[in-house]
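Engineer: Here it is, the structure, as structure tokens.
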Amino acid sequence: MRIEDTDKKREVEGGIEEIKNLLKVFDLNWDEFYIQSERLDLYKKAAEKMVDEGNAFYCQCEAKNAKEDGFSDTLRDPCRDKGLISGAIKLKVPDGETVSFKDFVLRETVEWNTDVVFDATLLKSDGYPTYHLAVVVDDHDMKISHILRGHDWLPSTPIHLLVYKYLGYDFPEVGHLTDILDPEGGKLSKRKGSTSVRGLLNDGYLPEALFNFVILCGWAPKNNRELYSLEDFVEAFEADGFQKSNPVFNREKLDWFNGEYIRKLSDEELCAKFEILNSKFTEVDKNTKLQITKLIKDRIKKITDLETFAGFFWKTPEVDINLFGENYKKHLPDALQVIEGINDWNLENLNEKLISNIKEKEYKTGDFFMDLRIAITGTKFTPPVNDSMILLGKEEVVNRLKKVTP
């Protein structure tokens, strides 16, 4: 694991710990740990070696004359032939040469003429390296065999090829991955309001579902299998499965994955996740919590759906009479009368008595139970209404019906 923190302007307090914590959430562990800002001497030595051998030069141009990404405004920096002995260090790009590499994701050779490559900054005047120098030195020092980057880094690869060459390093296998696109167009990014990984976790998505969803955004198995644990993915992975086209962030597909992994949890495991999420749920007695969990398990897409599908168990709903059907003034009084007359409060008796009343009055079964559902829960979308009423208890059900029965 390598923390690339040499751009101090973008450093976020607590960011390193958050990265560690998130990786642990996904069970992605590391054997070695490096922080670039603690390795400045290593980069300084490499940059000075390139200067000594004529492959880099010192530059004292004003910062305003350089782009933020370390490139000069012009391809060839005016300081390259001044023989300066201090300042920032920049790559001395040769003219008229060709640099190339075989991209193992794209499965093709990519090449550039050096006439279109900038004299990129390698080491800033404050002693901090740019990405172009630091990653090359680190990849060599850490014996990295394969590098995966977003394809937007492909234009920087000729710079890295030259740095590898001038430092006498072997060039590793390099591949450029697709970007996940925003459904509204363009690259998925926080600037466009896209949520973070932490935001998705807080929104009720399971780590297993997020992991599964993300790997299949950029990689496809040959057998079209969809559900992969981390262990499954490691076993099945083949580099030729990388996708070449940019996927779109499909929230519906993510919801599907999350629902699948929710259903893989035991009732006790899911109940425990609900307890962490919802303080009101924790106040419900243990057996009822487990029964609620069983009722909604097959209906929810996210852990946070608990309040939507089951909030009526601990909070008396406000009922909008506009939700009722046209016959609710008949349905609700009959339902109330039937329920008040049940002495042995259990699901079998409740089902039998209500169905008998429906047949006797020749009501439409769906319409009757929808009005009853709305009266008890305040919404059209809930677990089975009769099961829910048994859990609520006869007294609570009667009280709720009386509040809305004409």
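The values are calculated or read from the model by the stated rules, or taken from the named source; none is laboratory data. All figures in this text were calculated on a predicted structure; none of them were measured in a lab. Quick reminder, even Gly has a Cβ in these numbers, built from the backbone with ideal geometry, and neighbours come from all protein chains shown.
Engineer: So which residues in the range 185-227 are under 21 Å from residue 270 (Cβ atoms) and hydroxyl-bearing (Ser, Thr, Tyr)?
Structural biologist: Listed by number, the list holds a single entry, 205.
Engineer: Separate question: Tell me the residue from 99, 51 that is within 18 Å of residue 163 (Cβ to Cβ), assigned to a strand (DSSP E or B) and at pLDDT 95 or above, please.
Structural biologist: On the way: 51 fails: assigned to a strand (DSSP E or B).
Just one listed residue meets the conditions, 99.
Engineer: List the residue pairs whose Cβ atoms are under 9 Å apart, where the first residue sits in the range 316-332 and is within 9 Å of residue 371 (Cα to Cα) and among the polar types (S, T, N, Q), the second is in a loop (DSSP other than H, G, I, E, B) and at pLDDT 95 or above, and the two are 6 or more positions apart or on different chains.
Structural biologist: Within 9 Å, the pairs are 327/363; 327/364.
Engineer: Test of understanding: among 296, 342, 321, 355, which residue is buried (at least 19 other Cβ atoms within 10 Å of the Cβ) and hydrophobic (A, V, I, L, M, F, W, C)?
Structural biologist: Values: 342 fails: buried (at least 19 other Cβ atoms within 10 Å of the Cβ); 321 fails: buried (at least 19 other Cβ atoms within 10 Å of the Cβ); 355 fails: buried (at least 19 other Cβ atoms within 10 Å of the Cβ).
None of the others qualify; the one that does is 296.
Engineer: Could you please let me know if residue 259 is part of a helix (DSSP H, G or I), among the small types (Gly, Ala, Ser) and more than 15 Å from the chain's Cα centre (by Cα)? Walk me through it before giving the result.
Structural biologist: Values: part of a helix (DSSP H, G or I): yes; among the small types (Gly, Ala, Ser): yes; more than 15 Å from the chain's Cα centre (by Cα): yes.
Judged against the criteria, residue 259 is a match.
Engineer: Applying the selection to the range 352-385, what residues are over 20 Å from residue 402 (Cα atoms), touching a residue at least 24 places away in the same chain (Cβ under 8 Å) and part of a helix (DSSP H, G or I)?
Structural biologist: Listed by number, the list holds a single entry, 361.
Engineer: Please tell me if residue 177 is farther than 25 Å from residue 44 by Cα and either buried (at least 18 other Cβ atoms within 10 Å of the Cβ) or not basic (Lys, Arg) (or both). Walk me through how you get there before you give the answer.
Structural biologist: Numbers: farther than 25 Å from residue 44 by Cα: yes; either buried (at least 18 other Cβ atoms within 10 Å of the Cβ) or not basic (Lys, Arg) (or both): yes.
So residue 177 passes the test.
Engineer: Being over 21 Å from the mean Cα position of the chain (by Cα) and in a strand (DSSP E or B) is the filter here, so list the residues in the range 1-34 that pass it.
Structural biologist: Selection gives 34 alone.
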